[in-house]
Amino acid sequence: MTSAAPRPGPPLWLLAELTYRCPLHCVFCFNPVDFAQQENELGTEDWLRVLRQGRELGAVQCGLSGGEPLLRDDLEIIVAEAARLGYYTNLLTSGVGLSAQRAAALKAAGLDHVQLSFQDSTREMNDFLSHTKTFELKNRVAKTIKDQGWPMVMNVVIHRMNIDHIDRIIEMAHEMGAEYLELANTQYYSWAFVNRDHLLPTHEQLRRAEQTTDAWRARLGERMRIFFVAPDYHEGRAKKCVNGWGSMFLTVAPDGTALPCHTARMLPGLEFPNVKAEGLREIWFDSEGFNRYRGTGWMKEPCASCDQREQDLGGCRCQAYLLANDAAAADPVCVKSPEHHRVVEAVQRAAARDPAAPVEHPLVFRDPANSRRLGAAVTPGA
């Protein structure tokens, strides 16, 4: 028996997606596939108001992301206000634009933390996956981060084309003095869904990667914390998406649309409010978009009677929509889902694929031209 969602606590984590503009063209980008059709960005004063309302609501951490947030000329102003309000601030960046001078200005403004993304441990693959020549720049930025005394946090999205390089990726992070390394296996929505046939690894690749990661953990101990975020396609169990829809995570998109997760805008039949028209308190507590999938009351079978429903809260709504064409369906990564066969088939195709054979659909890089071409054409149920 399901129950109505209790009144939520505050959104502890506020993610400010300052822009969708980005100099990189990553094939697994989580920005919307139709990002090029969303060109309006909030102004400085709008973002400062969002920060103030977020703190009044109870938010304590503020992520500054994009796209590439360093493309915003007012980033230092936004950071300074977040620091003044008492947020713990985290800049999620490709490193492009983080010169020594800009880093010093952000440090002076009160920035607490920088997460630097790499695509791979080699210049060739890093630059191929991002479709830019940025590997050497990222190495310089890593040193700049250390010079400013920030915690060195490195993020590498893991997939079929780089998972066999895990050993060298971890070694690179260690050599750069990273305190934290996040090996984030690709989640298949947005651009990663478009490119899934290229990106989905095999069970054997994952097994070897986890063994290698465990060996490095034993070797390094507390000198570097390594987080290996396992892909749910291979686990047969749904994960509690963003710790539960509308439970602690609030995203504000570049145009001011407030979202319970950064990909929720894709879901049909849902209206998400905009911070230019409504305050964060009303958005968080009262909006239909944030309340639709809170708790367990929205669930249908098999989720409604599942003994794991309070643990996984039904899994990812965006993944349910993309794979089952129904945002209220059981997340198809779960073995109990009637649509689980779609995930099994995708994993089987990955295992059977000859690495030397061409893939039916070419790799699609994230850029405005491809965004305008694809638009909202990503087909659910694939």
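The values are calculated or read from the model by the stated rules, or taken from the named source; none is laboratory data. Model, not experiment: these values are computed from the prediction. Cβ placement follows ideal geometry from the backbone for every residue including glycine, while neighbour counts extend to all protein chains displayed. These area figures cover heavy atoms from the full protein model, side chains too; ligands, DNA and RNA do not enter into them. Shrake-Rupley method; radii C 1.70, N 1.55, O 1.52, S 1.80 Å.
On full extension of the chain, what length is gained from ASP367 through ARG225, given 0.36 nm per residue of separation minus the C-alpha to C-alpha distance? Show your work: numbers first, answer last.
Numbers: separation 142, 0.36 × 142 = 51.12 nm, distance 3.31 nm.
My answer for the length gained is 47.8 nm.
Can you give the Kirkwood hydrodynamic radius of region 46-159 from its Cα pairs, in Å with one decimal?
On the way: mean 1/r = 0.0681 Å⁻¹.
It is 14.7 Å.
In nm, to one decimal, how far is the modelled label at ASN40 from the one at ASP73, with both set 7 Å along Cα→Cβ?
Roughly 2.1 nm, to one decimal.
Give the cross-link partners of LYS138 among the lysines, using a straight C-alpha distance below 27 Å as the criterion and excluding same-chain residues fewer than 8 apart.
Partners found: LYS107, LYS146.
Please give me, ordered by residue number, the GluC sites (Glu not before Pro) of region 300-382 that lie in loop per DSSP and have at most 13 other Cβ atoms within 10 Å. Provide the component values of the computation, followed by the final result.
Numbers: sites: GLU310, GLU339, GLU345, GLU360; in loops: GLU339, GLU360.
Passing sites in region 300-382 are GLU360.
Might you tell me the accessible area per residue for the chain, computed with a 1.4 Å probe and given in Å²? Write down the numbers at each step before the final one.
On the way: 16040 Å² over 382 residues.
Heavy-atom accessible area per residue stands at 42 Å².
Cα atoms only, region 85-132: Rg and Dmax in Å?
13.5, 42
Given a 1.4 angstrom probe, I'd like the percentage of the accessible area of the chain that is carbon and sulfur, rounded to a whole number.
52 percent
Once the piece of chain linking PHE285 and ALA104 is laid out straight, how much longer is it, given 0.36 nm per residue of separation minus the C-alpha distance between them? Walk me through the intermediate numbers first.
Numbers: separation 181, 0.36 × 181 = 65.16 nm, distance 3.83 nm.
That pair, PHE285 and ALA104, stretches by 61.3 nm at full extension.
What's the FRET efficiency of GLU179 with HIS341 using the Cβ-Cβ distance as r and R₀ = 45 Å, to the nearest 0.05?
Numbers: r = 42 Å, r/R0 = 0.93.
Using R0 = 45 Å, I get an efficiency of 0.60.
Taking N as the number of residues in region 227-304, what value does Rg over Cα atoms divided by 2.2 N^0.38 Å take? Before the final figure, lay out the partial values.
Working: Rg = 14.0 Å, N = 78, 2.2 N^0.38 = 11.5 Å.
Computed over Cα atoms of region 227-304, the ratio equals 1.22.
Kindly work out what percent of the DSSP beta bridges joining two residues of the chain are antiparallel, to the nearest 5.
Numbers: 3 of 36 bridges.
So the antiparallel bridges amount to about 10 percent of the total.
Which label marks the calculated value of mean projected area of the Cα convex hull in nm², given the options [x] 17.9; [y] 48.3; [z] 23.0?
[x]
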